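The values are calculated or read from the model by the stated rules, or taken from the named source; none is laboratory data. Just so we're clear, the structure is a prediction, and the values are computed from it rather than from any experiment. When we count neighbours, we look across all protein chains shown, and the Cβ atoms used for this are built from the backbone with ideal geometry, even at glycine. Side chains are part of the model used for accessible areas, which takes the heavy atoms of the whole protein and leaves out ligands, DNA and RNA. Shrake-Rupley method; radii C 1.70, N 1.55, O 1.52, S 1.80 Å.
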Amino acid sequence: MEPARGLMFRLPDEKLKELLLKEKVIAAEDFESSLKEAQRLEGSVADVLISRGLVPRYYIAQVVANYLGVAPAALGDRQLDPATIKLLPEDLARQKRVVVFGRESDGFLSVAMEDPSDLNIAQFLENYLKAKVKPYLASEEDLNKAFSLYGQLTALSFKKVIEENINASTRGKIKSEAEAAQDVPIVAIVDNILSYALSLRASDIHLEIFEGFILVRYRVDGILHEILRIPKEIHPAIAARIKLLAGLKIDEHYKPQDGRFRYQIAGDTVDIRVAVMPTFSGEKVEMRLLAATNKPLSFTELGMLEGTIKSLEENIKKSYGMVLVCGPTGSGKTTTLYAVLGVLNRPEVNIITIEDPIEYNVQYINQTQVNPAAGITFASGLRAILRQDPNIVLVGEIRDSETAGIAVQASLTGHLVLSTLHTNDAPTAVPRLFDMDIQPFLVAAVLNAVLSQRLVRKIHLDCIESYEPDEPTLKLIREQLTEVGLTPEEIEASLPTRFYRGKGCAADNFTGYAGRLGIFEILNVSEEIRKLIIDPSFSLDNLKVQARREGMISMFEDGLRKVGRGITTIDEVLRVIQE
């Protein structure tokens, strides 16, 4: 879990307690209870006091401001001038947690700071702005209001540039597709679509053509949002520009094409995977945005809790066998596999992959792209890989019996094989391998572990609050826990003591969420599990019962634990589990 960012400058807990008790606004036992909860959530006691409704947010702001000898910024009560806000670039404002919001009568610049006592930041601002600054105490609402203004300015600028370039493009004379791809307005339109997507942390861009317009949609934290509509007349030029960047055939309109390119803006680099598909109205373009980094995420950054990490690490450190990651498309399986490679990637180990597509370029790992036109499929590529003396093999996906058979043989002959399957949960991977004509005794012999996962949106910690769930929600939770085999007593013990959600603010586009992480379940293939797999009367239900006896926690239970820790909401967990 990400550490919760405090409401503002953090007073030492004992000092905050002393000030609040002195003002008689809270009982000592309520403060101690909130302090324990903050420590559990790795957050600030001020946030817990506010979320529990024990102390108003404005009151804590005033207490801290008085202690520091400054005034609260209270930007919510002020009319902010965009020109003044823009004196400090957005990236610096977010990095330093400061906002320039006005000018004093003596010429000093008014600056809202999360930590007004930080003299280093104050000195940096004076050097950068070439002016003296007067610090004010900024609350999260203050900063979010100002940051949202940056976003509004970006959005207005984005749409203005798009409109100007659309007008310039439609006024121009008819050009060939190759000329259109190099046309300055079209180049600017595509650049703005890409840069705006990056500013919103979008993972995908969809350019969908309909009868009278092009619909531009971004997927942010797994949810699609309509961004704007573009006149259909310039669609051929936009598609040609993207094809040119991705190294595709500009004059091919009737066959699907796939490509990729690297895009740089403001010091950030992103790899963009492009898929073009003909539809009834024209070519639909989908772009997947991938961070151009060679550093895989850690298991903790993926959202794994301690027990899951321990089980996974034990299984991937074995010198042979098979570890599978399961889940539907878009559930983060490939990212998890790259995280596993990040742990295993050492100078003394030869790692080779066969992928479709290669999503991240990882240093010191030999990565091969599936290319059916050249005769490279998962099966043929895997055969070739095994002649390269690998220690560890990653197969992007086991899709058919042939690939499954070769992967099993590789596992039997001293290789650690990592791959993915499309199943709803971890235990179901076993009968899925049976369906691919893998004999039960082979499955039992090679399978080390199966990890299953989904992605949920994280609560935006800047606007988190606690609440009491309604009875229908509690009923759904109890039903889900009953399905995974918990007794009534275990169900009541598993219910979180407190539920959380994001209120929604300008910084998260009023969704209450920011970012995603995984919920997981891991099946360790023990000796007892192996016996069940090779039993002629194999039963998936029996397998699940034994797995629970050995300590397997279901994805829903993993998600419920993250609900109790204030990481995600119960609505998110139920949404992805019930999909």
Requested in this report: Would you kindly enumerate the cysteines in the chain that have no other Cys beta-carbon under 4.7 Å from their beta-carbon?
Outcome: Cys326
**Report entry** Protein accessible area in region 272-363, 1.4 Å probe - carbon and sulfur %
**Finding:** 54
Query raised in the report: What is the pair-distance distribution P(r) of region 443-510, computed from all Cα-Cα distances in 5 Å bins starting at 0, with each bin given as a whole percent?
Result: 3, 12, 15, 15, 17, 14, 10, 7, 4, 3, 0
Query raised in the report: Per residue, what accessible area does the chain have, given a 1.4 Å probe and all protein chains present, in Å²?
Result: 48
Report task. List the equivalent ellipsoid semi-axes of the chain in whole Å, largest first, each obtained as the square root of 5λ for an eigenvalue λ of the Cα gyration tensor. Result -> 44, 37, 20
Query - Residue-by-residue Karplus 3J(HN,Hα) for region 236-241, coefficients 6.51, -1.76, 1.60, Hz, glycine and proline x - result: x, 6, 5, 4, 5, 4
Query raised in the report: Quick one: Kirkwood hydrodynamic radius for region 515-574, alpha-carbon pairs, angstrom, one decimal?
Result: 13.1
Requested in this report: Summarise the long-distance tail of P(r) for region 366-499 by giving the % of C-alpha pairs beyond 25 Å.
Outcome: 49
Query - Kirkwood-based Rg to Rh ratio, region 244-286, C-alpha trace - result: 1.07
Query raised in the report: If you take the Cα Rg of region 199-262 and divide it by 2.2 N^0.38 Å, with N the number of residues, what do you get?
Result: 1.19
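Run the numbers for Arg387 and Ile534: contour at 0.36 nm per residue of separation, minus the present Cα-Cα distance, in nm.
Values: separation 147, 0.36 × 147 = 52.92 nm, distance 3.06 nm.
That works out to 49.9 nm of additional length.
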**Report entry** Phi-based couplings in Hz for region 386-392 (Karplus 6.51, -1.76, 1.60; Gly and Pro marked x)
**Finding:** 5, 8, 9, 6, x, 8, 10
Report summary line: Heads up, region 290-438 by the C-alpha gyration tensor (a ≥ b ≥ c square roots of eigenvalues; a/c under 1.5 rounded, else a/b over b/c prolate, else oblate) looks rounded
Query raised in the report: When the helix-only estimate is applied to the chain (DSSP H runs of n ≥ 4, each -39,500 (n - 2.57), divided by the residue count), what is the mean residue ellipticity at 222 nm, nearest 500 deg cm²/dmol?
Result: -13000 deg cm²/dmol
Query - DSSP beta bridges in the chain [antiparallel fraction, %, rounded to 5] - result: 65
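What is the Rg over Rh value, at two decimals, for region 18-138, using alpha-carbon atoms and the Kirkwood definition of Rh?
1.04
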Query raised in the report: Where in region 528-547 does the amide nitrogen come within less than 16 Å of the point 7 Å from the Cα of Ser401, taken along Cα to Cβ?
Result: none
**Report entry** Distance violations [Cα-Cα > 29 Å] among Lys96/Lys243; Lys317/Lys562; Lys96/Lys458
**Finding:** Lys96/Lys243
Query raised in the report: Counting only protein heavy atoms, what percent of the accessible surface of region 412-493 is carbon or sulfur at a 1.4 Å probe?
Result: 52
